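Novice: Have a look at the structure that comes next, please.
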Amino acid sequence: MRVRTLTVYAVALLAVVAALWVVFPEWLGLGKSQGEAVVTTSPPAAAPVVVAKVVNAPFLDVLDALGTAVANESVVITPNRPDHIVSIAFRGGQKVAKGDLLVEMNAAEEKAQLAEATAMLEDRKLGFDRAKDLFDKGLTSEREYDTAKSLLAASKAHVSALQAAIADRQIRAPFAGVLGLRRVSVGAWVQPSTVITSLDDLSVVKVDFTIPETWLGTVESGMRVVGRCVAWPDRTFPGKVALVDTRLDPRTRAATVRAVMPNPDAMLRPGMLMTVRIERGQHQVLQIPEEALIPIADAEFVYRVGKDSIVERVRVKVGRRRVGTVVVESGLAAGDTVVTEGLVRVRHGSPVRIVKVSNSNP
């Protein structure tokens with residue numbers, strides 16, 4: 001029994017030794033013969049890349065914003081009271097001056113009353129003249145003189161009220177401008193909510209747009225702006241800032257700016273989408289090509305080529321941008337080299353092979 005137990009132990013020990021020889025031969029000195037070369041890992045191949053230099057150059061600070069053109073003055077023409085239209089004195093698209101008659105409503109009753117009131121006024125003028133003459137001669141009392149005077153004043157007030165009522169039936173242009181489409185016809189019964197036409201002063205257009213909070217310190221009234229629209233892509237429309245709103249939108253932290261643009265040819269129309277550009281001047285700043293940036297989450301990184309062509313990933317803080325160029329506020333220095341092309345083959349700490357240095361000057 002004892003011999004059998006020892007035999008079992010011996011077989012198990014041999015099995016363990018055999019397993020160790022297969023898995024870890026170097027532990028037993030049996031994995032390789034003397035003089036056999038040790039296999040080593042070759043260094044990674046250098047990735048071909050295109051690079052650019054970080055430059056310190058003038059940067060034109062420009063803000064492009066979108067806005068909608070509105071007329072300098074704009075109004076929808078509606079009647080003051082319900083009635084019939086008896087005449088229309090305009091056509092759609094016509095230019096009118098302030099006070100020009102546009103539409104006349106039915107005022108036959110008021111005109112008849114005015115004729116009667118005018119006759120009454122003439123009669124009371126004569127009565128007042130007689131009373132005054134007699135009063136001056138001492139032939140009538142002061143009471144009779146005051147009565148005649150009061151009757152004359154009442155007649156004048158009545159005539160003025162009727163004249164105002166008739167004028168109220170005549171719809172006139174409140175300011176000079178261009179009329180829109182005519183939307184009524186002679187004989188139509190209209191209500192105060194009925195639109196007769198529209199009137200726009202197009203000599204100047206206003207464009208409202210927003211600017212970020214960081215621009216508040218530099219945008220002010222009188223500042224030059226340039227507008228563009230898709231209707232006239234080859235033309236620019238100069239203007240100036242009229243007003244910067246006193247309040248910011250608490251959600252976007254942006255302020256509304258109103259610009260005015262002369263429109264002598266009436267090429268700009270209300271409702272047009274306008275692109276407005278403001279220039280804040282030039283400043284010397286660090287700049288890199290925009291394609292060098294690597295966005296990760298809410299941060300921006302670049303691969304900077306260092307000593308022995310080894311790259312390192314560097315976090316940068318970027319500022320203003322324009323097409324193809326971005327301002328670097330921190331993380332790089334003038335003269336640094338950053339990778340612009342071949343980024344997918346680059347890793348932090350790996351070597352690169354520069355095949356081209358692109359022109360990074362703005």
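Quick note: the coordinates plus some simple rules give every number you see, no bench work behind them. Just so we're clear, the structure is a prediction, and the values are computed from it rather than from any experiment. As a convention, Cβ positions derive from the backbone with ideal geometry for all residues, glycine included, and neighbour counts pool all protein chains shown.
Novice: Can you work out ³J(HN,Hα) from phi for every residue in region 241-258, in order, using Karplus 6.51 cos²θ - 1.76 cosθ + 1.60 and θ = phi - 60°, giving whole Hz and x for Gly and Pro?
Specialist: 6, 8, 7, 10, 4, 7, 10, 9, 6, x, 7, 9, 6, 10, 10, 8, 10, 10
Novice: What are the membrane-span-like helices in the chain by this rule: whole DSSP H runs, Cα extent along the axis at least 18 Å, mean Kyte-Doolittle hydropathy at least 0.5?
Specialist: Qualifying helices, which must be both long enough and hydrophobic enough, are 2-23.
Novice: I want to make sure I understand the PRE zone here: with the label point 7 angstrom from the Cα of residue 46 toward its beta carbon, which residues in region 326-361 have backbone N atoms less than 15 Å away?
Specialist: Label zone hits: 339, 346-347, 349-357.
Novice: How large is the dipole of the chain about the Cα centre if only Lys and Arg carry +1 and Asp and Glu carry -1, each at its Cβ, rounded to the nearest 20 debye?
Specialist: For the chain, the charge dipole is close to 1420 debye.
Novice: Something else about it: In nm, give the distance between the simple-model label positions of residue 118 and residue 64, each being 7 Å from the Cα along the Cα-to-Cβ direction.
Specialist: 6.5 nm
Novice: Rounded, prolate or oblate, given the Cα gyration tensor of region 253-362, with a/c below 1.5 counting as rounded?
Specialist: Prolate shape, in that a/c is at least 1.5 and a/b is the bigger ratio.
Novice: Which whole-number percent is the relative contact order of region 107-168 (Cα, under 8 Å, 6+ apart)?
Specialist: 51 percent
Novice: With each run of n ≥ 4 DSSP H residues scored as -39500 (n - 2.57), what mean residue ellipticity at 222 nm is computed for the chain after dividing by its residue count and rounding to the nearest 500 deg cm²/dmol?
Specialist: Taking each H run of at least 4 residues, the total per residue is -8000 deg cm²/dmol.
Novice: Between residue 204 and residue 87, what's the calculated FRET efficiency when r is the beta-carbon distance and R0 is 25 Å? Round to 0.05. Don't jump to the answer; show the numbers that get you there.
Specialist: Values: r = 32 Å, r/R0 = 1.28.
So, using R0 = 25 Å, E works out to roughly 0.20.
Novice: GNM, the chain, Cα, under 10 Å: largest mean-square fluctuation among 176, 157, 242?
Specialist: Per the Cα network of the chain with a 10 Å cutoff, 157 tops the list.
Novice: Residues in region 200-230, backbone N under 15 Å from the label point at residue 329 (7 Å along the Cα-to-beta-carbon vector): list them, ranges by number please.
Specialist: Backbone N within reach: 212-217.
Novice: Report Rg(Cα)/(2.2 N^0.38 Å) for region 142-233, keeping two decimals.
Specialist: Cα-based Rg divided by the globular estimate yields 2.13.
Novice: Rounded to the nearest 20 debye, what is the charge dipole size of region 107-168 about its Cα centre when +1 sits on each Lys and Arg Cβ and -1 on each Asp and Glu Cβ?
Specialist: 180 debye
Novice: To continue, here is another question. Below 26 Å, Cα to Cα, which lysines can residue 98 reach? Residues fewer than 8 away in the same chain don't count.
Specialist: Candidates past the 8-residue exclusion: 111, 206.
Novice: Let me ask something else about it. At a Förster distance of 51 Å, what's the computed FRET efficiency of residue 275 paired with residue 130, Cβ-Cβ distance as r, to 0.05? Before the final figure, lay out the partial values.
Specialist: Values: r = 76 Å, r/R0 = 1.49.
So, using R0 = 51 Å, E works out to roughly 0.10.
Novice: Something else about it: Checking the cross-link filter: which aspartates and glutamates have an alpha carbon closer than 17 Å to that of residue 95, excluding same-chain neighbours under 8 positions apart?
Specialist: Straight-distance partners of residue 95: 73, 200, 201, 265.
Novice: So, with +1 on the Cβ of K and R and -1 on the Cβ of D and E, and no other charges, what is the size of the charge dipole of region 133-276 about its Cα centre, to the nearest 20 debye?
Specialist: It works out to roughly 560 debye.
Novice: Name the residue farthest towards the positive end of the dipole of the chain from the options 47, 296, 337, assuming +1 on Cβ of Lys and Arg, -1 on Cβ of Asp and Glu, about the Cα centre.
Specialist: 47
Novice: Of [x] 46.9; [y] 22.0; [z] 17.1, which one was derived for mean projected area of the Cα convex hull in nm² from the structure shown?
Specialist: Label of the calculated value: [x].
Novice: While we're here: Taking the number of other C-beta atoms within 10 Å as the exposure measure, put 261, 267, 223 in order starting with the fewest.
Specialist: In order of increasing Cβ crowding within 10 Å: 267, 223, 261.
Novice: Can you give me the long-range amide H partners of residue 204? Hydrogens built in the peptide plane at 1.01 Å from N, cutoff under 5 Å, separation of 5 or more residues or another chain.
Specialist: It is 72, 263, by chain and number.
Novice: Using Cα positions and a limit of under 19 Å, work out the lysines in reach of residue 356, with same-chain residues fewer than 8 apart set aside.
Specialist: The qualifying lysines are 53, 307.
Novice: At q = 0.23, 0.26, 0.28 Å⁻¹, what log₁₀ I(q)/I(0) does region 107-168 have when each alpha carbon counts as one equal point scatterer in the Debye sum?
Specialist: The computed values of log10 I(q)/I(0) come out as -0.82, -0.94, -1.03.
Novice: Going through region 161-258, which chymotrypsin sites (Phe, Trp or Tyr not before Pro) have at most 16 other Cβ atoms within 10 Å and a DSSP loop state?
Specialist: 175
Novice: Say each of residue 283 and residue 308 gets a label point 7 Å from the Cα, pointing the same way as Cα to Cβ; how far apart are those two points in nm?
Specialist: 4.0 nm
Novice: Tell me, 100, 308 in order of fewest to most beta-carbon neighbours within 10 Å?
Specialist: Fewest-to-most ranking of 100, 308: 308, 100.
Novice: Once you put a point 7 Å from the Cα of residue 265 and another 7 Å from the Cα of residue 56, both along the Cβ direction, what distance in nm separates them?
Specialist: Those two pseudo-labels are separated by 4.6 nm.
Novice: A further question on this structure: Hey, if you put +1 on the Cβ of every Lys and Arg and -1 on every Asp and Glu Cβ in region 107-168, which of 117, 139, 161 ends up farthest toward the positive end of that dipole?
Specialist: In region 107-168, that residue is 139.
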